[in-house]
Amino acid sequence: MKHPFHIPNPSVSGIKIQLDFFACVLAEAGISTWFVSPGSRNAPLVASMIKHGGFVLHSFPDERAAAFAALGAAQGSRYPAGVICTSGTAAANLYPAVCEAYYQRLPLLVITADRPPELIDQWDGQTIHQTNLFQPHTQGNFNLPPIQAEWVFDPENPSKKGFGAPREETTTSKINRTLNQLQNTLQKAIAQTLYPVPGPVHINLPLRDPIYSDIESPFQQITPTKPFVFHRPSPLPVNESHMADFLQHTTPTQPKILVVVGMHHSNKELTLALQSIAQKLPVLADVNSKQQHTGIEQWDLAMLNAKDLSKAHQPHILITIGMGLVSKPLKLWLTNHKPRKHYHISPLQAPIGDPFSSQPIHLYHHEVDWLFALDKTLRQINNDFQQQWIEWVQRSTSIQSIENPSVSNPPLPEAHQTMMQAARQSVFSQFGTINPFPNCLSTFQQEFETVNALLKHCDGRFVFQIGNSMSIRYASWSGHTTATIFANRGTSGIDGSLSTAMGFAMANPKLHCVALLGDVSAIFDAHGLWTNTLPQNLSLVVLNNGGGQIFKWIAGPTQVPSLMPLIETPHGYDFKHLCNFYQIKHCILAIPDANAPNNSNKNLDTNPWPQRFLDQSRCTLWEIKYN
């Protein structure tokens, strides 16, 4: 080799040298945050990372929780975080988070230790087929050659001497060849977490016994012979001809253009572009778009009455940015009221979804460049289409007269109840059923008001990790907030919501993370609290309504009464004992029934939410119970 590796002590075992070099490559690429689950097969690599000293390692005995915690860390940085586990079904437990990372397009490096291939299907313990285990939900799969104590000679590539007579490969050349192959593979795997489409990459690491050979030896600091780099090409530029072609599908003087922003990541330039275009066009930003404070406020709450939208609100052109939406009413409405043209703006060379069956055209431009170009083209336009949308949203979210459009929320609990009742009837009517469930409406109303107040009062110092089912819907219906909102909407299950918040808080100690969860989500993912260090900057807010209330909201399940106990998961638990078990602080806030007489409650904490969170001295679970 032209540039051989410098190895401080070549006499130690091959497994020790390779795993120490493995750690050096990861560190050189800047992947410093790792979530580790216990096991024997992965322990030698973890030992090398500890001795390297350049990694922040968090322990999670539950592999599923560890993987979601790594996903939470990647959400904040948009740079790979990693998870490491042992062999067998431990690796399979990572799959839910891998799927979520794939559909959120989050860079996640997944390392699974493995048995050598000759032991697979030989009745050996903790041994399954791990090659390409997570395919097709990855951006890359790398199965390394087995790493062992002895160096493996390469009979296909002998060294040469004299007049071309072959001779045995030297130990030095073996070491350099092996490390060079390992370096190339690892750097390629890391790059594929980021480009061309961010996402999870799996590295399967088979180790042959004795796996602990020379583990007690000093760390071998081996510098990679080439730096980690990856190339991300610039998106196509936007010019005036693009705008002219675009506007031919609508009336140029009164363009009926609707902008919808789906699941996205934080981007200050995109925020500025959307704020500018929102002065001319209706912008509907999803609660999980990181742009939800731009555009029309509480549009999703209004969409619960989407049947009241007229033909005048149907866009000629639909512009979408980002990925999936929380709002099912908007998806249904756009599916039934398709635009003439649907353009999806994204620089990624990746397939795009078609959630409205509208055959979107993918424009490979940067969203910011494209929006600013459109904004410049529309500079002189006074658009009635935008005003029609704003007025409709205000009418739909207020019992006040349209002559008083400044009122965007019903001022009284009765008004909320009227609005929620009408909204639920509207939702059921879309499915051909009207079933308002008046006996549980009070719970929905109170929970919505709690979430709305929580988001309203928390500012940019706070980051919310919001669970699925009703929690994310309440947030979607709420008013604007300057707090940042994350939610696992890639696959949209309750799996891993608490663990994701835990990982985010661990990786971002200067931000205060609030996990807003339903009771079933919190109980299901409670093992996310089983870790060596609980972050002080994490608050858990749990809406405890005694079960999965979403099954009373959606149409269908209640039509079969015997079905409800099996899917609603009703329970009589509080979270006191769970908090004692995991050694976190427990605070309970009892919310009185708004319709009950003398509805004061001595357990009701009247402090504002930000002060509650910032005053906590350690990780705290705030349980909200509704009487």
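Under 8 Å by Cβ, and 6 or more places apart or on different chains, what pairs join a residue from the range 379-391 that is without any contact (Cβ under 8 Å) to a residue 24 or more places away in the chain with one that is open to solvent by less than 70 Å² (accessible area, probe 1.4 Å)?
E391/I402; E391/P405
On the basis of being of a type outside the set (D, E), open to solvent by less than 10 Å² (accessible area, probe 1.4 Å) and not in a loop (DSSP other than H, G, I, E, B), does F142 make the cut? Please lay out each step first, then the result.
Working: of a type outside the set (D, E): yes; open to solvent by less than 10 Å² (accessible area, probe 1.4 Å): no; not in a loop (DSSP other than H, G, I, E, B): yes.
Answer is no for this residue.
Given the options I215, I203, name the one that is touching a residue at least 24 places away in the same chain (Cβ under 8 Å), closer than 28 Å to A91 by Cβ and in contact with a Phe, Trp or Tyr (Cβ under 7 Å, 6 or more places away or on another chain).
Working: I215 fails: in contact with a Phe, Trp or Tyr (Cβ under 7 Å, 6 or more places away or on another chain).
Criteria check complete, one pass: I203.
Considering (1) modelled with pLDDT of 95 or more; (2) open to solvent by 10 Å² or more (accessible area, probe 1.4 Å), say which one D114 fails and leave the rest.
The number of the failed condition is (2).
How many of the residues in the range 329-350 are over 19 Å from the mean Cα position of the chain (by Cα) and either of a type in the set (A, V, I, L, M, F, W, C) or open to solvent by 50 Å² or more (accessible area, probe 1.4 Å) (or both)? It would help to see each step written out before you state the result.
Here is the first cut: in the range 329-350, the ones over 19 Å from the mean Cα position of the chain (by Cα) are 329-345, 347, 349.
Now narrow it down to the ones that are either of a type in the set (A, V, I, L, M, F, W, C) or open to solvent by 50 Å² or more (accessible area, probe 1.4 Å) (or both): 330-334, 336-338, 340-341, 345, 349.
Number satisfying all stated conditions: 12.
Looking at L119, L94, L57, can you tell me which residue is free of Cβ contacts under 8 Å to residues at least 60 places away in the same chain, more than 21 Å from L534 (Cβ to Cβ) and open to solvent by 30 Å² or more (accessible area, probe 1.4 Å)? Don't jump to the end; show me each part of the working.
On the way: L94 fails: open to solvent by 30 Å² or more (accessible area, probe 1.4 Å); L57 fails: more than 21 Å from L534 (Cβ to Cβ).
One residue alone meets the criteria, L119.
Between residues in the range 319-347 that are closer than 18 Å to S266 by Cα and residues that are surrounded by 22 or more Cβ atoms within 10 Å (Cβ to Cβ) and of a type in the set (D, E), which pairs lie under 6 Å by C-beta distance while being six or more apart or on different chains?
Partner pairs satisfying both residue conditions: I321/E367; L325/D286; V326/D286; I345/E367.
Just checking, how many residues over the range 79-98 are touching a Phe, Trp or Tyr at 6+ places or on another chain (Cβ under 7 Å) and either closer than 13 Å to I203 by Cα or part of a loop (DSSP other than H, G, I, E, B) (or both)?
Selection size over the range 79-98: 4.
Would you confirm whether any residue within the range 219-232 is modelled with pLDDT of 95 or more and either aromatic (F, W, Y) or assigned to a strand (DSSP E or B) (or both)?
yes
Can you tell me which residue among F68, F21, F35 is assigned to a helix (DSSP H, G or I), under 26 Å from the mean Cα position of the chain (by Cα), surrounded by 22 or more Cβ atoms within 10 Å (Cβ to Cβ) and aromatic (F, W, Y)? Can you show your working first?
On the way: F21 fails: under 26 Å from the mean Cα position of the chain (by Cα); F35 fails: assigned to a helix (DSSP H, G or I).
One residue alone meets the criteria, F68.
If you go through the range 358-388, how many residues are part of a loop (DSSP other than H, G, I, E, B), loosely packed, with under 14 Cβ neighbours inside 10 Å and at pLDDT 95 or above?
Result for the range 358-388: 1.
Quick check, is R489 outside any loop (DSSP other than H, G, I, E, B) and either touching a residue at least 60 places away in the same chain (Cβ under 8 Å) or buried (at least 21 other Cβ atoms within 10 Å of the Cβ) (or both)?
Details: outside any loop (DSSP other than H, G, I, E, B): no; either touching a residue at least 60 places away in the same chain (Cβ under 8 Å) or buried (at least 21 other Cβ atoms within 10 Å of the Cβ) (or both): yes.
The answer is no for R489.
For (1) surrounded by fewer than 23 Cβ atoms within 10 Å (Cβ to Cβ); (2) at pLDDT 95 or above; (3) within 24 Å of T335 (Cβ to Cβ), each residue gets a yes or a no:
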position: V261; (1), (2), (3): no, yes, yes
position: P282; (1), (2), (3): no, yes, yes
position: D286; (1), (2), (3): no, yes, yes
position: M303; (1), (2), (3): no, no, yes
position: H316; (1), (2), (3): yes, yes, yes
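Condition (residue is modelled with pLDDT under 75, part of a loop (DSSP other than H, G, I, E, B) and over 30 Å from the mean Cα position of the chain (by Cα)) applied to the range 561-581: is it met by at least one residue?
No, the range 561-581 contains no residue that is modelled with pLDDT under 75, part of a loop (DSSP other than H, G, I, E, B) and over 30 Å from the mean Cα position of the chain (by Cα).
The values are calculated or read from the model by the stated rules, or taken from the named source; none is laboratory data. Worth saying up front: this structure is predicted, and the values here are computed from it rather than measured. Here the Cβ is made from the backbone with ideal geometry for all residues, glycine too, and neighbour counts use every protein chain on show. Ligands, DNA and RNA are stripped out before the accessible areas are found, and what is left, the full protein with its side chains, is counted by its heavy atoms. Shrake-Rupley method; radii C 1.70, N 1.55, O 1.52, S 1.80 Å.
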